Amino acid sequence: MTTTSPIPVTIDDPTNVAILSISEDQLQGFHPDPFGEIARRSGIKLPVVLEHIRAMLEAGTIRRVRQTMITTSLAKGSLVAWKVPEKLLAEAFDYMFEQDPFSGHVVIRTTDSVSAGSQYRLWTTLKVPPLFSIEAHARYLAKQVGADAFRLMPAKKLFALGVGHTRRREIEPGARSEQLGRVIDTDVIPLSEPEWHVMEVLKREFTPSEIIANPWVPRAKEAGVTLNDFLSTATELQNKGVIGRFATFLEHVKPVANGQRVTRYNALFHWAVPPGQELEAGRQVGRHHIMTHAYWREGGDEFRNVNVMGVAHGTDKNRVLEHKAAIDGHLKKCGIAIGYTNVFWGGRSEIKPSEISPKAYRTWCDSVGLDPETMLDPKEESADRD
């Protein structure tokens, strides 16, 4: 990708490195003045921060700027592996990315050899709002794309959620925090209608023209509430534990300015550890700085009963494998036996935020000719009656 912007938009420009080192993953929670906070922490003046982020977003170096939400606390979610006939794989990928607003990450994966689950080439994340059935939604998608089978793997616990690509490039294999990875629950937290309303506006991606000082002022106007009410509701959402981080997300799959790539290899690691050691193993994996995500998920017979998974990125395949070998060795030193392990490499990949709004789900049902009532989760309806 080329650019005519007078502002440097490459990921190795010193000013951009300083900004991205903060803006990718350091602003946890809600910040009333997010761009000002990036300026303060990076030591770069606010007008410069704004023009560089705006330029990188326009050039595609940054693919999105947004306030993230802890969607595992707002909607039922799952990693889904799909067994799709090879001739339908490309169309299935396009459908998941372009036509299903509730599928987020969409990746075609391969393994280095024929192994457990290697016939499951299409992997997605899927979220559905409270009261609706993730199984019903997956069955609908399977019918649309011609999948022969699918495996839902909801996270039982989360252990790591993100290290920015800018900082990750310098991480040595085996580098880890002194503390065990934090355990994050996946229980859905109920929100009131006013909270959903503000949250829907809060999480919307920023366009280049919205990269301004005091960005929440126009968002409050959009929500039809005062700025004070908008900020207090966002703070309450944070207190409930559903706010993630304010972040700039680099385009880490496709080439960006000057043909640069933030990363080349997206690896999904699988480990099967003894039952009862999932929490300990997940926390040990999650403390390694290379991990962007780590979870306790049940792979079932299709994947030789793997129960700890994680994602790492890198620009060199052997280096990524060195990181995994270091984690394997650490688990063994901790007395955690690895009964089976594998790596699923990401190829074609697209990422978008999954829609999680109940209102949006009903609107989608209407648009595809589904009765929303048929997509409700009978277990939740039964619980409500009880």
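The numbers here are math on the coordinates, done by the rules we state, and not lab data. Remember, it's a predicted structure, so these values are computed and weren't measured experimentally. In this analysis, Cβ positions are derived from the backbone assuming ideal geometry, glycine residues included, and neighbour counts consider all displayed protein chains.
With kT/(6 pi eta Rh) evaluated at 25 °C and eta = 0.890 mPa s, and Rh the Kirkwood radius from Cα pairs, region 224-372 diffuses with a coefficient of 131 µm²/s according to Stokes-Einstein.
For the pair C334 and D366, a Förster radius of 35 Å applied to the C-beta separation gives a FRET efficiency near 0.10, rounded to the nearest 0.05.
Evaluated at q = 0.15, 0.22, 0.25, 0.28 Å⁻¹, a Debye calculation over the C-alpha positions of region 54-129 (equal weights, vacuum) places log10 I(q)/I(0) at -0.69, -1.03, -1.11, -1.21. Taking 0.36 nm per residue of sequence separation and removing the Cα-Cα distance, the L227/V183 pair yields an extension gain of 12.5 nm.
Taking the Kirkwood radius as Rh and the Cα radius of gyration as Rg, the chain has a ratio of Rg/Rh equal to 0.95. Rounded to the nearest 20 debye, the dipole size of the chain about its Cα centre is 1080 debye, using +1 on the Cβ of Lys and Arg and -1 on the Cβ of Asp and Glu. The label-point distance for R304 and E205, in a model that sets each label 7 Å from Cα toward Cβ, rounds to 3.8 nm. Modelled spin labels at R264 and A149, positioned 7 Å past Cα toward Cβ, are 3.4 nm from each other. At q = 0.09, 0.10, 0.13, 0.18 Å⁻¹, what is the log10 ratio I(q)/I(0) for region 30-187, with the Debye formula run over Cα points and no solvent? For region 30-187 at q = 0.09, 0.10, 0.13, 0.18 Å⁻¹, log10 I(q)/I(0) is -0.44, -0.55, -0.88, -1.23. In a simple Cβ point-charge model (Lys, Arg +1; Asp, Glu -1; nothing else charged), region 1-84 has a dipole of about 380 debye relative to its Cα centre.
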